[in-house]
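**Q** Here it is, the structure, as C-alpha cells.
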4 protein chains.
Amino acid sequence: MRQTSPHTDELRPWQTRLHEIIYESHTAAGKAFDIILLIFIIVSITVVMLDSVAALHIRYGRLFFVLEWFFTLSFTVEYVLRLICIRQPWKYIFSALGVIDLLAIIPSYLSFVYVGSQSLLVFRALRLLRVFRIFRLVHFLSEMQFLHVAILNSIRKISIFILFVLSTVVILGSIIYLVEGPANGFTSIPQSVYWAIVTITTVGYGDIAPATPLGKLIASFIMLLGYGILAVPTGIVTTEMALAAKARRQANEACPGCGREGHDHDARFCKYCGALL
Amino acid sequence: MRQTSPHTDELRPWQTRLHEIIYESHTAAGKAFDIILLIFIIVSITVVMLDSVAALHIRYGRLFFVLEWFFTLSFTVEYVLRLICIRQPWKYIFSALGVIDLLAIIPSYLSFVYVGSQSLLVFRALRLLRVFRIFRLVHFLSEMQFLHVAILNSIRKISIFILFVLSTVVILGSIIYLVEGPANGFTSIPQSVYWAIVTITTVGYGDIAPATPLGKLIASFIMLLGYGILAVPTGIVTTEMALAAKARRQANEACPGCGREGHDHDARFCKYCGALL
Amino acid sequence: MRQTSPHTDELRPWQTRLHEIIYESHTAAGKAFDIILLIFIIVSITVVMLDSVAALHIRYGRLFFVLEWFFTLSFTVEYVLRLICIRQPWKYIFSALGVIDLLAIIPSYLSFVYVGSQSLLVFRALRLLRVFRIFRLVHFLSEMQFLHVAILNSIRKISIFILFVLSTVVILGSIIYLVEGPANGFTSIPQSVYWAIVTITTVGYGDIAPATPLGKLIASFIMLLGYGILAVPTGIVTTEMALAAKARRQANEACPGCGREGHDHDARFCKYCGALL
Amino acid sequence: MRQTSPHTDELRPWQTRLHEIIYESHTAAGKAFDIILLIFIIVSITVVMLDSVAALHIRYGRLFFVLEWFFTLSFTVEYVLRLICIRQPWKYIFSALGVIDLLAIIPSYLSFVYVGSQSLLVFRALRLLRVFRIFRLVHFLSEMQFLHVAILNSIRKISIFILFVLSTVVILGSIIYLVEGPANGFTSIPQSVYWAIVTITTVGYGDIAPATPLGKLIASFIMLLGYGILAVPTGIVTTEMALAAKARRQANEACPGCGREGHDHDARFCKYCGALL
C-alpha cells in the first residue's frame, strides 16, 4: 500500500496527492480515477472501430471525430499528469506501461500527417491490461505470474519448434510450387509457402487449394503433419505448467514441526527444525 | 434415496406420491416417468428442427404444429405438477433446472406474439442434462463433478488468456485493415477483427482472405500465433485435471492401520492413529 | 508360441498344419502366408480406390474388374480355410476379426444385387490391423494396449463432453438460424447446426458463413468457445495417459530386498518381504 | 573444444587450421566463418523465393541469376574445403549434415538438365539447423535433445495412431463417396479420402463440401471425431515430455551426504554413500 511513499518523499503535497489518485487505487479518488479511465479506454476503442464502418461513418462521422479528439486530449492530459507527479519521469516514459500510454495518443496527432493512422488508436486495447491493477485482483496477478513463468520456461523449446516449422513450410511450399505450378494458383514460392502455413496450421482458407492428384497427396501429408506436430507446443506448455504448479504447491507446504514454509522440492526434512516433512 | 423426505413432511399423501414419481426415480413409476420425459424431450427437439426445413414444413407442417403443441402442453402440465408437489415452489422456479424447464415451454406461447420464436424451443436440449439423473449414473455424476472442479479452477487463468486473445485480435485486425483495406474485403475494423478471430482460432472460412503480400505475411504470423497459443488453454485445463485426479486419488487412500481415508496430500503418518501411511 | 495347441488337439494333422500357417506366424510358411495376405490387402484396396477414378476406370476398368474378383475369391478361399482348420468355427465367425474378414468379401457378391457396393471393399482397410500380429510387434501391442486403457478410462468423461458439445451446437445453431435466416444460406435448423459443428470444431469450410454483424459476433463467440473447449478432451486423455504411464512404471518397480515387482502405487514397504521400497 | 583433435592428428598444419575455421567456432576466424555462412544461407533462400515471383523475375531476373550462381559456387567451394580438411571425407559425405550440404548445391547444376529445378535450392533451409552450432547455444541443444527424446519415445504410439487415422479416412472417404457421389464434387474414392483428411484434420478448405443431408451428417461425425482424436497425439507427447522432464530433474539431484548426482528415479538412499536422499 505504502510501498510507493519513498518515491514521493521529495514531491510537493499536491504532487503526492495527484500521485495517490493516478498511480494508486487504495483511496476512493484513486479508485474512481481508475474506473473512469477504464471506461474511457473501452469507449474510445469502440468509437475507433465503429468509425471505420462506412455506413456509420457517413451518419455519425462528425460525432466520432469529436469523441476521438475528446479521448485523445483526455489521455494527453493524463499522460502529462503522470509525468509531473513522479520523481523520475524518464523511468515511466521508458517503462512498458509508459510506452503503451504514449502509443494510445500518438496516432491521433499523426493523422494530421498520415490520413488513416487513427486506426492505430486501437493500440489503446493494450491499456486494458491496467484492468488487473484497477480491481486489485491479486489472485489474478498471481495466476498471470504463473502463466508468465510457464510460458517463459517454454520459450526456448518453442523457438526451436517454430524454427523447425518455418524450415518445413519453406521446403514443402517449394515442392508444392513445383508440383502444382502457377496454373493452379501457386503463382510463386512465397505464395506457396503462405499456402503451406495456411495448411499446416489447419486454418485452410481454401483461397488456394491443390488441384492435381500429387498436389493433394502432398497436401494430405502436410495436414497430417500439422495435425500431429500441434501436439509439440501443447506438450511443452503443459509440462512447464505442471512443473510450475508443483513448485508453487511445494513452496506453500508448511513443516509439521515448526510450521515454516518454502521448503525445496526434494526436501524430506524441514530445513529449519529438522523434523520429517 | 430418502434424502428428500424432510422436504415432503408436510405434503399431503397424493403430493408425496406425485413428488416420488416426478422428482425421484427409485420407484418403477418414477423411472417410467423419467424415461417418457426423456423421449418427449428428444422427439420435441427433432420436430422443431425438422419443421424448419422448408420442404418438410410444406408436407408435414400441420402434423408438426399439432406435435409441437402436444409437447408444449405436456411440458406445461409437468411444470405445474412440479410446482404443486413441493413445499417451496419458489426454490424450484429460481433453480437452474426450474429456469430451463420454463424456457422449454415459453417460446411456444410467445409465438402468438412473435412469429418464429418457436425455434427457441431447441433450448429444450438443455433438459437433456436430466439424463444423468434418470439413469442414476452416479459414476457419470462423479466424472462430471471432476470435470467441473478442473474447469472451475481453470477459469481465472483462462479468463486472462481470453482477455489477451481479444486484445490481440483487436490490434491485429486493425493492422490488417490498414494493410489490406476495403478493396480486398476488409471493409471495416469490426469486419477485420472478425477475420482475425476466424484466423487465430484456425477456423479459416475463406470468405475474407488477404490479397497483398504484406497482408499474407501478417496472416501467416496470426496463424502461427493461433497455432501456438492453442497450447495455453490446453495446458491450463490439463494441469488442473491432473491436480484434480491426484486429489481424488489421495482422498481415497485408506490408512493401513485404522482404514480411515481423507489424508492430506503430503501426509506420511495417519492423522487418526499415527501409523505410517 | 504353443498357446493355441489346446484348441487344435482334436484336429487332424492337415488341419493342424493349416492352422499353424494361417493363424500363427512362428513358422516360415506362416510368416510367408501373413506377408502375402498383407500385400493382397493393400493391393486390393488400391485397386478399389483407383477403379473409382473415372479416367482410370475407362482405361483399366477390365483389368481392375479381374483383379477385384481375383482378390475376392482369394479372400473367400482364405475365409473358408480359416473356418475348417479350427475346432470352434462359430467363435471365429462372431469375433471382431472374423466379422472384418467377412466384410472384406461380402460387397463383391452384393454388387450383383446393388451396383456400386464394391466401393465398400475398402472396409478391407480394417484387415490392416493384422499388421501388428504379422510382424510380432510385441512392443507395438504393448503400446496399443496402453493407448487402449487410457482411452477406455477417458470414455465416460469424453461422452459427457460430447453430450455438452451436441447440446451447445443445437442451441447455437438455432440462434444463428434466427439471426441470419434462409437468405444468407442458413436455410433450416439442421443446416445451421451443421454450420455450428463446422465452426466449433474449427474446420470452417466457408460453404456457409454469417453475413450480418450480429451473426458474425455469434460466430466469433462459437469459434473462441470451440478453440477453448478443445482443451477439455485433450486434458482428459493426457491425464489418463499420465496415470496409465505411472501405473505401468510402478508395476515394473522391483523391491530392493527380494526383487519382486508389482507393488501398489502407495506402497512404501515390499508386500512380500517387508523391506523399505 | 579439443574433442576433434584426434581426427586431425595426421592432417597437415594448413588442413588443421582450415578444419578449425570450418568445423569449429571457438576461434575468431571460425566464428566469422559461421556467421558469414549463416547470412549466405538466408540470403540465398530469399533470392530463390523472390525469383519465383513473376513480377520480380522480370525486373531483377538477371541479378537473381548472378546471385544464385554466386551462392552456388560459394557453397561448392565450401563443400570441397570441408572434404579436404578432414581425415575421413566419406564419413562427412554420408552424414546427415553432409547430405544436406550437397542437396544445397546440386539443384543449381541440375537446372542445366531440368529447367525449374533451382526451386529445390530452398532445401538450403535445412542448413539453418547449423544455427545452433554457430552460436554455441548449448542450452538450446539440451532443449533440442529433450524434445528429441520425448518425440522418439512417442514414435511407436504415434505410428499406431496414424495407422488408425489412415484406415479411418479410407473407410469414411469411401462411405461419403457412395453417399454424395461425383455430382457433388466427390468424383472418386481418392478424392473423397483427400476430403476426409481435409475434414478430420480440421483444415476445411471448402473446395469440396457435402451437399446432401446424409453427407452433412457423416461430415459432422468426421469433424467431431477429428476434434476428439486430436487429443491422442497431444496426450502421447505431453506424457512423454513429462517423463523426460522428470528424468532430467532427477538426474540432477545431488545426494545431501556426498553431493554426487545421477540417482535413480526411485532411489531413497544415495547409491554412493548410503545417506537418505
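The values are calculated or read from the model by the stated rules, or taken from the named source; none is laboratory data. Not measured: the values here are computed from a predicted model. Cβ atoms come from the backbone with ideal geometry, glycine included; neighbour counts cover every protein chain shown. All accessible areas refer to the heavy atoms of the entire protein, side chains included, with ligands and DNA or RNA removed. Shrake-Rupley method; radii C 1.70, N 1.55, O 1.52, S 1.80 Å.
**Q** Report the FRET efficiency, 1/(1 + (r/R0)^6), for C:F112 and B:S159, where r is their Cβ-Cβ distance and R0 is 45 Å, rounded to 0.05.
**A** Step by step, r from the Cβ atoms, then E = 0.10.
**Q** Quick one: ranking D:M223, A:M49 by accessible area, 1.4 Å probe, largest first, what do you get?
**A** Reading off the accessible areas and sorting them downward yields A:M49, D:M223.
**Q** Using the beta-carbon distance between B:F94 and C:L214 and R0 = 30 Å, what value does 1/(1 + (r/R0)^6) give for FRET efficiency, to the nearest 0.05?
**A** According to the calculation, E is roughly 0.55.
**Q** If you don't mind, another one. If you count, for every residue in D:49-62, the Cβ atoms of partner chains within 10 Å of its Cβ, what is the mean?
**A** 3
**Q** Now, a different point. Output wanted: per-residue J couplings in Hz (rounded whole) for segment A:50-63, from phi through Karplus 6.51 cos²θ - 1.76 cosθ + 1.60, θ = phi - 60°, x for Gly and Pro.
**A** For segment A:50-63, the Karplus curve yields 5, 5, 7, 7, 3, 4, 6, 4, 5, 6, 10, x, 5, 4 Hz.
**Q** Roughly how many whole Å is it from the C-alpha centroid of segment B:184-245 to that of segment D:176-245?
**A** Here the answer is 20 Å between Cα centres.
**Q** For peptide B:189-198, what's the mean number of Cβ atoms from other chains within 10 Å of each residue's Cβ?
**A** Counting Cβ atoms of other protein chains within 10 Å of each residue's Cβ and averaging gives 6.
**Q** Something else now. Taking the label point as lying 7 angstrom from Cα along the Cα-to-Cβ axis, what are the distances from C:I155 to the corresponding position in the remaining copies, in ascending order and in nanometres?
**A** 3.2, 3.3, 4.6
**Q** R0 = 30 Å: FRET efficiency of C:I39 with C:R87, Cβ-based, nearest 0.05?
**A** FRET efficiency, C:I39 to C:R87: 0.55.
**Q** Over all residues in D:165-178, what is the mean tally of Cβ atoms on other chains that come within 10 Å of each residue's Cβ?
**A** Neighbouring Cβ atoms belonging to other protein chains average 5 per residue here.
**Q** Ok, one more. How many nanometers, to one decimal and shortest first, lie between the label point of A:L166 and those of its other copies, if labels sit 7 Å from Cα toward Cβ?
**A** Distances to the matching label points in the other copies: 3.2, 3.2, 4.5 nm.
**Q** In Å², rounded to the nearest 100, what is the total accessible surface buried by chains B and C against each other with a 1.4 Å probe?
**A** 4200
**Q** Now, a different point. What order do you get for C:187-199, A:69-81 when each peptide is scored by the mean count of other beta carbon atoms within 10 Å, highest first?
**A** Per-residue Cβ counts within 10 Å, averaged per peptide and sorted highest first, yield C:187-199, A:69-81.
**Q** What does the highest-first list of C:22-31, B:162-171, A:229-238 look like by mean Cβ count within 10 Å?
**A** Averaged packing, sorted descending, gives the order A:229-238, B:162-171, C:22-31.
**Q** Over segment D:173-249, average the accessible area per residue using a 1.4 Å probe and give it in Å², no decimals.
**A** On a per-residue basis, segment D:173-249 sits at 27 Å².
**Q** Another question, if that's okay. Based on Cα coordinates alone, diagonalise the gyration tensor for segment B:146-251, multiply each eigenvalue by 5, take square roots, and list the semi-axes in whole Å, largest first.
**A** 37, 12, 10
**Q** Could you state the accessible area per residue of segment B:53-95 in Å², with a 1.4 Å probe and every protein chain left in place?
**A** Using a 1.4 Å probe on heavy atoms only, each residue of segment B:53-95 averages 66 Å².
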